[in-house]
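Following: one structure in structure tokens, then a few remarks.
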Amino acid sequence: MGESHMIKSNLLWEQTRYLASMLYNVNCNKKAQMITPDKLFPLPQDIYLGKGKPKSTKEKFLRFKNKVAKTKLPK
């Protein structure tokens, strides 16, 4: 029951943060002034989203780059 309560509480805070960021972004004059909800204020569950970690490694990128280079049609 306690875990369920914490999950519901976290979801409500995420909803509040999302709505607040929407209100902020509607009143911005420039697109560069807009912010994402996670930049508005941090929440404890943000650490589980993996913010700041790269989505792939350098080796995976190089393998993909080589694969794409091999599939290009000759001119």
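The values are calculated or read from the model by the stated rules, or taken from the named source; none is laboratory data. What you see is a predicted model; the values in this text were computed from it and never measured. Neighbour counts run over all protein chains shown; Cβ positions are idealised from the backbone, glycine included.
Pairing residues of region 28-52 that are more than 18 Å from residue 7 (Cβ to Cβ) and modelled with pLDDT of 85 or more with residues that are hydrophobic (A, V, I, L, M, F, W, C) and not in a loop (DSSP other than H, G, I, E, B), at Cβ distances under 7 Å and at least 6 apart in sequence or on separate chains, gives 40/20.
If the condition is being surrounded by 12 or more Cβ atoms within 10 Å (Cβ to Cβ) and over 16 Å from the mean Cα position of the chain (by Cα), then region 10-23 contributes 10, 13, 16, 20. Among the residues of region 24-34, those that are surrounded by 10 or more Cβ atoms within 10 Å (Cβ to Cβ) and part of a helix (DSSP H, G or I) comprise 24, 25, 33. Evaluation of residue 10 against the conditions (1) modelled with pLDDT of 90 or more; (2) touching a Leu at 6+ places or on another chain (Cβ under 8 Å); (3) not aromatic (Phe, Trp, Tyr) shows that the sole unmet condition is (1).
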